[in-house]
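Just below is one structure, and these are the notes that go with it.
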Amino acid sequence: MSGVRSHQIDALRERFRGTLITPEDSSYEDCRKVWNGIFDKCPALIARCISTGDVIQAVNFARENGLLVAVRGGGHNSAGKATCDHGIMIDLSLMRRVHVDRERQLARVDGGALLGDVDSETQLHGLAVPAGIVSHTGLGGLALGGGFGWISRKYGLTVDNLVSAEVVTADGALLTASQDENQDLFWGIRGGGGNFGIVTSFELRCAEIGTEVFAGVIAKKFEHAEQYIRFHQEYVRTLPDEMTVWMVIRKAPPLPFLAKEVHGQTVILIPFVWLGDQAEGERLIKPIRNAAESHGAFSGMTPWSSWQAGFDGLVAHGARNYWKSHYLKELSSDCIAQITAFARTLPSDECEIFIPHMEGAPSRIAGDATAFAHRTPPFVLNIHTRWQDPADDQRCLGWVKAFHRATEPFAQGVYVNFLSDEGAARVRDAYTEEVWDRLVQLKNRYDPKNLFSLNQNIAPTVP
Ligand SMILES: Cc1cc2nc3c(=O)[nH]c(=O)nc-3n(C[C@H](O)[C@H](O)[C@H](O)COP(=O)(O)OP(=O)(O)OC[C@H]3O[C@@H](n4cnc5c(N)ncnc54)[C@H](O)[C@@H]3O)c2cc1C
């Protein structure tokens, strides 16, 4: 075994309460997997932590033995940062408890919890934490990079709702980061990813949304794409923060409200969520229904938890995935022309061109208030290819890269959680210059030897 010897693991075993897994163990194959099937890495040791104490032991062990460290939350990172070859995977996936304080509207969430874990506990009280849209995503990685979802326009990003966090730093210390304690660290973990330590527990503000929302999906005919997108980009920007309307261009999945002959055709899906009275939601969505010809639609009052899990099957674990992304300053006619041209050549049935509208509560927070810097661009463009057969790798990767290049003139920065492995310069694009400089100072202070390097890395500059 490279990097770590069995007697060293035996010594760790005496202090570790969770499970230590090596390539000889029968569960190794399952435990080493991450969401993106493109990554097939083999850590020398997987430390499945069950407590903060275990995380501290694993961090100390990694540092003392000079191991490459990967930290696994939900394992969803499309760049495969949660795993590594030869080093140690510090696996938080057994740490998934969520405790809700109904009175204070706060949720205390373990570092390895999934979004579905958070929804299932908060919904018992009609509450929700603003986070992402697929229930098997990890709250940890999502929250540390920003975190946006259906209710973010109204209630802010996940980082905007972070009240405090327990962080194990590279020296094995356990720190609280909040507005009152270690404020610099608190600023940095709200957008700086896992660069500064391992968060074992997040304290998050919950929003009172009830247990049902008015939600639905409208499927527009792709032949009217230019006309529809021109309308969409103007109209959604006029809507109140309670209404979130996004756009996904893809081959139609077999959705029950679509006729069989539409399945597999390129369509524009318009999913929406309205936080309010159904009649008012219907009124606001009507112009979208009327804007261009539709294949079909469904809408209605929907349990929040089932809506949150409703798209899980389209992005299940194990497929090969690659995406490139940027924020869009605008959806101008030239930009729309590029989008529709590439949409005509989708390289697989599972590709998605995902264009969420982002303006709202997050844009009213200053760009340097947290490390999440790009708060004002109106749209994100996430170009996501997904396929099953490695023989299709080059075709799918080539399509994403060409599409991304063609839309660069309309772009401004990138969401750190939507980066693939794109090099150091590209990580900087996730931040403004001022925020980047501050992040480097923080890295120098909390992780000067870059123990936490498998992330969208902020390299320390101390010798
Ligand atoms: C299907 C899918 C849907 C998505 N939907 C959304 C969405 O709606 N909104 C959105 O904002 N993003 C979304 N994302 C992006 C998502 O935010 C990132 O992929 C994020 O990295 C996932 O976090 P994770 O814990 O699952 O991943 P992991 O791969 O486990 O971790 C990602 C990174 O964070 C670090 N990390 C994870 N947990 C911790 C922790 N507790 N402490 C310190 N470091 C940690 C890891 O080391 C790694 O560098 C989606 C991704 C996928 C694949």
I'd like the residue in the range 115-124 that is touching a strand residue (DSSP E or B) at 6+ places or on another chain (Cβ under 6 Å) and either buried (at least 24 other Cβ atoms within 10 Å of the Cβ) or in contact (Cβ under 8 Å) with a residue 40 or more places away in the chain (or both) and, out of all such residues, is farthest from residue 98 (Cα to Cα). 122
If I filter the range 222-229 for residues that are buried (at least 20 other Cβ atoms within 10 Å of the Cβ) and either within 30 Å of residue 446 (Cβ to Cβ) or not assigned by TED's automatic domain parsing to the domain that holds residue 370 (or both), do I get at least one hit? no
With the condition kept exactly as written, say whether any residue in the range 22-36 is polar (S, T, N, Q) and within 20 Å of residue 142 (Cα to Cα). yes
Report those strands (runs of 3 or more DSSP E) wholly inside the range 156-256 carrying at least 1 residues which are within 18 Å of the chain's Cα centre (by Cα) and within 15 Å of the ligand (Cβ to nearest atom). 162-168, 198-205, 243-245, 247-251
Okay, strands (runs of 3 or more DSSP E) sitting entirely in the range 77-129 with 1 or more residues that are under 25 Å from residue 313 (Cα atoms) and within 12 Å of the ligand (Cβ to nearest atom), I get 88-91, 106-110
The residue from 12, 92 that alone is among the hydrophobic types (A, V, I, L, M, F, W, C), over 22 Å from residue 117 (Cβ atoms) and in contact (Cβ under 8 Å) with a residue 24 or more places away in the chain is 12
Name the one entry in 329, 324 that is among the basic types (Lys, Arg), in contact with a His (Cβ under 8 Å, 6 or more places away or on another chain) and in contact (Cβ under 8 Å) with a residue 60 or more places away in the chain. 324
Being in a helix (DSSP H, G or I), near the ligand (Cβ under 7 Å from one of its atoms) and in contact with a Leu (Cβ under 8 Å, 6 or more places away or on another chain) is the filter here, so list the residues in the range 140-155 that pass it. 140, 142
Tell me, please, whether a residue that is buried (at least 21 other Cβ atoms within 10 Å of the Cβ) and part of a loop (DSSP other than H, G, I, E, B) can be found in the range 45-54. yes
Considering each residue of the range 279-313, count those that are in contact with a Leu (Cβ under 7 Å, 6 or more places away or on another chain) and on the phi > 0 side of the Ramachandran plot, and give that number. 1
By residue number, the members of the range 182-197 that are without any contact (Cβ under 8 Å) to a residue 40 or more places away in the chain and crowded, with 22+ Cβ neighbours inside 10 Å are 186
Sole miss for residue 311 among (1) surrounded by fewer than 15 Cβ atoms within 10 Å (Cβ to Cβ); (2) out of contact with any Gly (no Cβ under 9 Å at 6 or more places or on another chain) is condition (1)
Checking 405, 428 in turn, the sole residue that is away from the ligand (no atom under 16 Å from the Cβ) and outside the structural domain of residue 250 (by TED's automatic domain parsing) turns out to be 428
Go through the range 271-379 and tell me which helices (runs of 4 or more DSSP H), entirely inside it, have 3 or more residues that are within 19 Å of the chain's Cα centre (by Cα). 304-309
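The values are calculated or read from the model by the stated rules, or taken from the named source; none is laboratory data. Predicted model only: the values in this text are computed from it and were never measured. All Cβ positions, even for glycine, are placed from backbone atoms using ideal geometry, and neighbour counts span all protein chains on display.
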